[in-house]
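Data block below; observations after.
All of the numbers you see were taken from the coordinates with simple rules; none came from a lab. Bear in mind the structure is a predicted one, so any value in this text is a computation, not a measurement. Cβ sites come from the backbone with ideal geometry, for glycine too, and all protein chains shown count toward neighbours.
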Amino acid sequence: MPVSWTLAVVGFALLVLFLFLPRRGALARWRRWQAHTARERLEDALKLLLDHEWQHLTISPGALSAALRLPERRGLQLAERLQSLGLVTMQGNALRLTPDGQRAALQVTRAHRLLERYLADEARMPLQQVHRVAHRMEHRLTPGQVDELDAALGFPRRDPHGDPIPAPHGSLPPLSGVPLTDWEVGQPGVIAQIEDEPPLACAQILAEGLAPGQVVQLLEKTPRHLLLTNGENEVRLAPAVAGNLLIEPLPAQADKTAGALPLDRLPPHQRGEIVALDEACQGFTRRRFLDLGLTPGTVVTPELLNAFGDPRAYRLRGTLIALRRDQAAQIWVRPLPLAE
C-alpha cells in the first residue's frame, strides 16, 4: 500500500477516535455539554419560579423566556419540558411549581446562596461578583456536597445579600422586610435584604457602603429621592434603587449592642467586653471567632499596631491574636474602665 494511502487510513482512524471515542471523543463531550446546558436552563427556570412564588408573583411562559433570555419558542419548549417532568403546572397563563418542582428549586436555591456565603466570607470576593460566580457553580454540586458545604459554613441562615438560605428539605420563610420606599421617616430599622436584581441597582447600594445587618434611619422621602443614614454617613438614593433595600424592625441584637461599638473602633489599650458577634458574621468566620474565644463576656484589648494598619493584634485571655479590620468590625464590645 502506498505511503500516502497508509497515512490517509491512519489519519481517518485518528479522526474517528477523536470524534467517537466513548468518553473522551468530541461527540461525547458535545453531548455532555448539551445535557449540562439543558440542566442549567431547567434549574434556572425552577429557581426563577420559586423566587416569584416567594414574592407572591406569577410568571407566564413568555415572561419566563424573557427572564432567561431565550427565544420565545425555546422558552415554551422549556415550559413544556418542566410540565412533562411533573415540576410545574399551568394555572391560567401562569406557571406554578408542583411539590416536586418546589423541592428541586429549593435545592438549587440553597446551593446558590451557600456558595454566595462562602465566596463572600471565605474567598473574600467582592459582593458585586458573588452572584455571577455562584450561578456558574451551583449546577455542579451534588446534594451531598451542598450538605457538606452547609455544615462547614456552620449552617448560616442568610446569604450575604440577606436572602434566607433554605434548610435541607425545608422551605423559604415569608418576606419579613418592606421596601425602604414604604418605610416610615424617622423610624430606625435594620437592612434585612438587598435585592441583587437588577445588578446596577445592587451595585449602587453596595458602593454606598450599605449592607445587610446595618441599622439605618430614613431621614427624608420625596418623589425624587430618599435620604437615609447608617449612623456615620448620609446616603441619597433614587426611589427605583431604594426599592431594592428591604428593611425590618430592629432585632433583639440592637438591644444587646446598645452603648457598644465595633472592636475595630476601640482605642489602643482600652479594654472592652464582647457583647455580641454581628449577625452579618456567618460561616467559617463565625466558627473561627468562637474557636478563638471571642464569645460574649470575654474581655479584649487592642495591643500592637501594624505599620500598615492591618491586621492588628488583640489580647484576650492572656494571648495575642491578629484580626483584620473588617473582621474586628463584626465584633461588638462595650468599653470598660482603664485598668489601674
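From the square roots a ≥ b ≥ c of the eigenvalues of the alpha-carbon gyration tensor of segment 255-335, which class results: rounded (a/c under 1.5), prolate (a/b over b/c), or oblate? Could you put the intermediate results ahead of the total?
On the way: a/c = 1.43, a/b = 1.20, b/c = 1.19.
Note, shape of segment 255-335 comes out rounded.
Can you list the residues, at least 5 places off or on another chain, whose amide H is less than 5 Å from the amide H of A329, using H built in the peptide plane?
Correct list: D264.
Using a/c under 1.5 as the rounded threshold, could you call segment 178-250 rounded, prolate or oblate? The axes a ≥ b ≥ c are square roots of the C-alpha gyration tensor eigenvalues, and prolate needs a/b larger than b/c, oblate otherwise. Walk me through the numbers before you get to the answer.
Values: a/c = 1.37, a/b = 1.18, b/c = 1.17.
It comes out rounded by the Cα gyration axes.
Sort E184, E138 so the one with the fewest other Cβ atoms within 10 Å of its own Cβ comes first. Mind showing how you got there, number by number?
Details: E184 11, E138 23.
Going from least to most buried by this count: E184, E138.
Taking θ = phi - 60°, what integer Hz values does the Karplus form 6.51 cos²θ - 1.76 cosθ + 1.60 yield along segment 227-234, in sequence order, with x for Gly and Pro?
10, 9, 10, 9, x, 10, 10, 9
Along Cα→Cβ, 7 Å out, is where each label goes; now give me the distance between the ones at L290 and S176 in nm to one decimal.
It works out to 1.8 nm between the two label points.
Could you line up E234, E273 from fewest to most neighbouring Cβ atoms inside 10 Å?
Taking fewest neighbouring Cβ atoms as first place, the list is E234, E273.
How high is the FRET efficiency from N233 to A66, r the C-beta distance, R0 51 Å, rounded to 0.05?
Computed FRET efficiency for N233 and A66 comes out at 0.85.
Output ³J(HN,Hα) for segment 290-298: one whole-Hz value per residue in order, computed from phi by the Karplus curve 6.51 cos²θ - 1.76 cosθ + 1.60 with θ = phi - 60°, and x for Gly and Pro.
Karplus-based 3J(HN,Hα) across segment 290-298 equals 5, 5, 7, x, 7, 10, x, x, 6 Hz.
Neighbouring Cβ atoms within 10 Å as the yardstick, rank R158, R124 fewest first.
Ranking R158, R124 by Cβ neighbours within 10 Å, fewest first, gives R124, R158.
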